[in-house]
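The values are calculated or read from the model by the stated rules, or taken from the named source; none is laboratory data. None of the values given here were measured: they were computed from a predicted structure. Reconstructed Cβ throughout: ideal geometry from the backbone, glycine too, with neighbour counts over all protein chains shown.
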2 protein chains.
Amino acid sequence: MVVYAGQGDPRWSMDVMWGNRVSSQRPGPKPGLSVDLIIDTAIGVADVDGMSGLSMRAVGERLGRTAMALYTYVPTKGDLVDLMYDKVLGELPTGYRSERGWRGSVTSWAEDHLEFHLRHPWTLQVSQARPVLGPNEFATLETASGILHETGLRPPVLRGILGVVLHFVRGAARTEAEARSAAEETGVSDEDWWHSRSPLLVEVAPDFAARFPMAIKMEQDKPAPPDDPKKPYLESAMAESFATGLEVILDGIEATIEKAKAG
Amino acid sequence: MVVYAGQGDPRWSMDVMWGNRVSSQRPGPKPGLSVDLIIDTAIGVADVDGMSGLSMRAVGERLGRTAMALYTYVPTKGDLVDLMYDKVLGELPTGYRSERGWRGSVTSWAEDHLEFHLRHPWTLQVSQARPVLGPNEFATLETASGILHETGLRPPVLRGILGVVLHFVRGAARTEAEARSAAEETGVSDEDWWHSRSPLLVEVAPDFAARFPMAIKMEQDKPAPPDDPKKPYLESAMAESFATGLEVILDGIEATIEKAKAG
DNA sequence: CGACGATACTTTATGGCGTAAGGAGATGCA
DNA sequence: TGCATCTCCTTACGCCATAAAGTATCGTCG
């Protein structure tokens, strides 16, 4: 599921995110819940069961209410996801300073974001097309911009570079998150899955090696799969590919700086 | 929605994809449909209405059948999506030869993939964690590997580079696809959306400029939005960012080659 | 102090989804 | 001719978001 920015009243969600809501004494029963509590509970549900496990019923149940009770506090599920997203973005650091200059900062930034997305894989399902316009979203943009400005490059180039880094980090996180969730949902590890599939492949396509020689070459020198699938990403199989990929990008940025100096 | 590789009998879908199915004369009514027809129809539905609009009911309706009729031909919806994915991948070119060497080939490859994903945005929702193992999927891998092998780099590095390019292209396509679909679903263009949101932002966060100076700098020298939103990507606003991002990646690959030669 | 209106929360209902189960009718072969 | 097998249908289940309407609780005003 891809979730688009809230269909409800945009003013309402922005007031919530920027802390501009007034809570006055009004007639009627005391509220047993609060928007903030609902957001936190929903984040908890999504962290465990993913975006597809995030339902109004599930959140309500955790709070001892029906799904409909939540609509007293939140106009639509889309708005709730917006609020969840901006709130959880607050976990990310906002300052990077490295003795290795922008290279070190970009590296730390990328690793922090990768871990963030693996901690909250549902964030990868939130549409990037129309931003939530919350304070934490702007803070992450501010942080990234600050790091990249150290390169001295002009904004149009920086936008391109930011896109490269962002797409790379999110793509890597997505692949890893999908792998983990597939393993959990099917109860079959990647290794076992491949062991059951590869014989079928030989059977069904006997000329495989002749048809796809390059693809086979590409498999050379693969690191052994980890013994413990619960290890953090830094020790997982994806780490090598992530590190070399990031290095390529950093070298690309450096080359772009050199070209800008020369030209 | 993220779709994971088919839950049905893996052998069945592989036989379909690799063309290993025998159609013998058997008792019972003549089949009015075929797996292939269902796949093509489903692709048509998904191209127009996206992955979220792809339902067994919708596909059945296009074929003048009920949803359940499809289950005579296809074990689960997940398997159908697998078959759709591998089939549509057949659109992609398999040979690239450029007088500009691997740089030209990678550029063409990236542009072809970007256009492919914008033609079939639902492909971005297919999980990359566990491949479909179809002939066209392997063909695209073979093609990409062939291009990258021209760089002379070793497989582990090439895997990192392939990841960078793939994540970048898919990420750029995803953002653009989400933007288009948001515009279509809400009936509000990106420009109008921003025009209605930005006054709210000033209202709700009066100290915006002081809090996020870098983010504002980042907006400098933005290209004017296109007059016609139906233009192909090459003339759209994303084109500039895509082109410069790709250039950075290509420079990064080149720098990696130089380092490999030197070291 | 009693009535009123706003609020919190519930139940019920609508129209979607994938797909299990079972049944009707058509067809090839013994 | 009868039977096994196949296509396709209807019905049903348990999910989903959320609209509508009802009940109980409270602050406030007359």
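Key figures
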item	result
Total residues in region B:159-170, condition touching a His at 6+ places or on another chain (Cβ under 6 Å) and touching a residue at least 60 places away in the same chain (Cβ under 8 Å)	1
Residue in region B:106-125 that is of a type in the set (Phe, Trp, Tyr) and farther than 25 Å from A:GLY171 by Cβ present	no
Members of region A:140-177 that are more than 7 Å from every other protein chain (Cβ to nearest Cβ), more than 19 Å from the chain's Cα centre (by Cα) and assigned to a helix (DSSP H, G or I)	A:ILE147, A:LEU148
Unmet requirement for A:ARG11, which otherwise passes all of (1) surrounded by fewer than 20 Cβ atoms within 10 Å (Cβ to Cβ); (2) within 12 Å of DNA strand C (Cβ to nearest atom); (3) farther than 26 Å from B:PRO121 by Cα	(2)
Helices (runs of 4 or more DSSP H) fully within region A:51-139 counting 1 or more residues that are within 14 Å of DNA strand D (Cβ to nearest atom)	A:56-62, A:77-89
Test for B:ASP86: is it within 14 Å of chain A (Cβ to nearest Cβ), out of contact with any Ser or Thr (no Cβ under 8 Å at 6 or more places or on another chain), loosely packed, with under 13 Cβ neighbours inside 10 Å and in contact (Cβ under 8 Å) with a residue 12 or more places away in the chain	no
Flag for A:LEU33 being within 14 Å of chain B (Cβ to nearest Cβ) and within 16 Å of DNA strand C (Cβ to nearest atom)	no
Filter result for B:GLU219 (outside any helix (DSSP H, G or I), at pLDDT 90 or above and not aliphatic (A, V, I, L, M))	yes
Tabulated pairs, region A:48-59, first more than 12 Å from chain B (Cβ to nearest Cβ) and within 21 Å of A:TYR71 (Cβ to Cβ), second within 16 Å of DNA strand C (Cβ to nearest atom) and aromatic (Phe, Trp, Tyr), C-beta under 9 angstrom, 6+ apart or interchain	A:MET56/A:TYR71
So A:ALA243, is it closer than 28 Å to B:VAL248 by Cα and either at pLDDT 95 or above or surrounded by 13 or more Cβ atoms within 10 Å (Cβ to Cβ) (or both)	yes
In region A:121-134, residue nearest to B:VAL202 (Cα to Cα) [restricted to those that are within 7 Å of another protein chain (Cβ to nearest Cβ) and in contact (Cβ under 8 Å) with a residue 12 or more places away in the chain]	A:LEU133
Among (1) within 14 Å of chain B (Cβ to nearest Cβ); (2) away from DNA strand C (no atom under 14 Å from the Cβ); (3) closer than 20 Å to A:HIS120 by Cβ - the single one A:TRP18 does not satisfy	(3)
From the options A:ASP49, A:ASP15, residue that is of a type in the set (Asp, Glu) and out of contact with any Lys or Arg (no Cβ under 8 Å at 6 or more places or on another chain)	A:ASP49
In region B:55-106, residue nearest to B:PRO29 (Cα to Cα) [restricted to those that are away from DNA strand C (no atom under 12 Å from the Cβ) and hydrophobic (A, V, I, L, M, F, W, C)]	B:LEU63
Hey, A:ARG180 at the interface with chain B (Cβ under 7 Å from one of its Cβ atoms) and surrounded by 15 or more Cβ atoms within 10 Å (Cβ to Cβ) or not	no
Any hit, region B:89-101, residues being surrounded by fewer than 14 Cβ atoms within 10 Å (Cβ to Cβ) and of a type in the set (A, V, I, L, M, F, W, C)	no
Matching entry among A:PRO131, A:PRO121, A:PRO93, A:PRO135 (being within 22 Å of the chain's Cα centre (by Cα) and closer than 21 Å to A:SER181 by Cβ)	A:PRO121
Selected residue (criterion: nearest to B:ALA243 (Cα to Cα)) from residues of region A:136-158 that are in contact with a Phe, Trp or Tyr (Cβ under 6 Å, 6 or more places away or on another chain) and touching a residue at least 40 places away in the same chain (Cβ under 8 Å)	A:THR151
All positions within region A:183-220 that are closer than 29 Å to B:THR94 by Cβ, loosely packed, with under 14 Cβ neighbours inside 10 Å and within 29 Å of the chain's Cα centre (by Cα)	A:GLU219
Selection status of A:PRO31, modelled with pLDDT under 95, surrounded by fewer than 16 Cβ atoms within 10 Å (Cβ to Cβ) and more than 22 Å from the chain's Cα centre (by Cα)	yes
